[in-house]
1. Carbon and sulfur: what percent of segment 397-489's accessible surface (1.4 Å probe)?
2. In Å, the Kirkwood hydrodynamic radius of the chain over pairs of distinct alpha carbons?
3. What ratio of Cα Rg to 2.2 N^0.38 Å holds for segment 397-489?
4. Which value, in debye to the nearest 20, gives the size of the charge dipole of the chain about its Cα centre, when Lys and Arg are +1 and Asp and Glu are -1 at the Cβ?
5. Answer with one residue from Ala414, Phe300, Cys15: the one whose Cα lies farthest towards the positive end of the charge dipole of the chain, charges on Cβ with Lys, Arg +1 and Asp, Glu -1.
6. Ranked from highest to lowest mean number of other Cβ atoms within 10 Å per residue, what is the order of the peptides 389-399, 246-256, 324-334, 374-384?
7. Compute the long axis of helix 119-134 from its Cα atoms, compare it with the longest principal axis of the Cα atoms of the chain, and write down the angle in degrees, 0 to 90, nearest 10.
8. Please figure out what share of the DSSP beta bridges in segment 397-489 is antiparallel and state it in percent, rounded to the nearest 5.
Amino acid sequence: MANEQNIFAALIAHCKEYGYIFQSSEIYDGLAAVYDYGQNGAQLKKNIRDEWWKSMTQMHENIVGIDAAIFMHPTTWKASGHVDNFSDPMIDNKDSKKRYRVDHLIEAHAELLAHEGKKEEEFALLKAMDELLAADDYAGLKKLIEDNKVTCSVSKTCNWTDVRQFNLMFKTEFGAVAADNPDENIVYLRPETAQGIFVNFLNVQKTGRMKIPFGIAQTGKAFRNEIVARQFIFRMREFEQMEMQYFIRPGTQIEWYNYWKEERKKWHESIGIPAEKLRFHDHVKLAFYADAALDIEFEFPFGWKELEGIHSRTDYDLTQHQTFSKKKMQYFDNDIDPATGKAYGNYVPYVLETSVGLDRLFLTILSNAYAEEKWTKEDGTEDSRVVLRIPAKIAPTKLAILPLVKKDGLPEIARELMNECKSSFMCFYEEKDAIGKRYRRMDAIGTPFCVTVDHQTKEDNMVTIRYRDTMLQERVPIANLKEIVLKAIS
Ligand code: ATP
């Protein structure tokens, strides 16, 4: 049984042992902050992505989904500001040569203070950091680090360089022909999916005859050369985002900001994340174009951290693309403005963005689902299990079908049930090992229902259904089984 401190390490080991997440290219000792999803992980990730996609595109008549390419014209990233501004303040330790993101370094020190019970010092440090970051005061940040005697975790010294900016975009070369100017061949791996939506704004608006307000949703890979990639899949160099840009009339942004803030929190709760483990965190430092921004934070095993961002981005992105591409990014609004009695007319829409990391959400679901349980049985002996209490509607496998023994016609009945159910939801068939052992394996994978076919089944057409969360078992008619599972996952 793991204690509070190492529960996160236990979860990481569990993910590997049960086919959820593997280190990328593990046989070559892995690649830092890049991970592969195994057979159960890929299915869980898909189920979460499908839930999000459905909630956006199917449940909102005015939101449609697209799938834009990862490579985009390089000017996209000039226009979006990523070439010039997508950087984090970094500092290097002169003795160990280890590079840190300044906010991570200070936050880690603040965590140490919190562990030592120095709550006031912790808050003062974080407050000072937020203010200095907001003012882009790099000399002040260095002084804060030195004054607080923040040390490098490797060299243990406080011997720091100045604070500098470091761009997080990955570059690669495009095409096989060498250009006269090598810069001409450079393309970037997109650091966010949002720009694919902005550049397609008019394509979608016109072809879909969309009327404002409307949204465009997209899921897909994004890449950031994170300097300090840590905490497992919380901060990766290759990750997946699920973003939605909501195009609105200027002046309505606060109304929509408040709407989406609540809507997104409710959605997280709808996929089983407890309300008390979610909170809003308003940004102290707003991007210069944003007029409001907040994070929805989750209480991970390593503290409260950002799960999703809600940003009111004004008309910044569309205006930038209009300027750089010299193509109009306007919308003609023929609704009547009550103030003037005339149509609102042409304008560049404002944008409200919701942006959540799929991998971070995956980690949220697993952190919340992972439980190590111990109890005393009726005969006085101890028993224990590790269980993933993943909500049934997103669990990778819904039903395990287990003949008690692999003879006497039981596998045939079980196979028949499998054939009946597998087109409706993900099932798993297993006949090896004692039934108790098979139940434990299904608990560890997070399968909400197991059904056992035994000799009695041949007499009465009843099977035993066993519920993962309560471990209770009951006899039900085999004919009812599909309905029971469908009801639980719908
Ligand atoms: P952070 O402050 O943690 O670096 P951010 O504010 O840069 O995140 P956004 O640019 O707002 O993040 O991206 C939206 C979402 O994408 C984040 O809320 C997060 O869920 C996810 N995300 C961002 N960077 C990463 C990453 N390196 N690994 C995994 N998910 C990420």
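The values are calculated or read from the model by the stated rules, or taken from the named source; none is laboratory data. On a predicted model such as this, the values are computed, not experimentally measured, just so you know. Cβ atoms come from the backbone with ideal geometry, glycine included; neighbour counts cover every protein chain shown. Side chains included, ligands, DNA and RNA excluded: accessible areas come from the protein's heavy atoms. Shrake-Rupley method; radii C 1.70, N 1.55, O 1.52, S 1.80 Å.
1. Working: 2410 of 4560 Å².
Answer for segment 397-489 is 53 percent, counting heavy atoms of protein chains only.
2. On the way: mean 1/r = 0.0388 Å⁻¹.
So the Kirkwood estimate lands at 25.8 Å.
3. Details: Rg = 11.8 Å, N = 93, 2.2 N^0.38 = 12.3 Å.
Here the Cα radius of gyration is 0.96 times the empirical estimate.
4. Numbers: 65 positive and 75 negative charges, 181 e Å.
With Lys and Arg at +1 and Asp and Glu at -1, about 860 debye.
5. Going by the charge dipole, the pick is Ala414.
6. 389-399, 246-256, 324-334, 374-384
7. 50
8. Working: 9 of 17 bridges.
The antiparallel fraction comes to roughly 55 percent.
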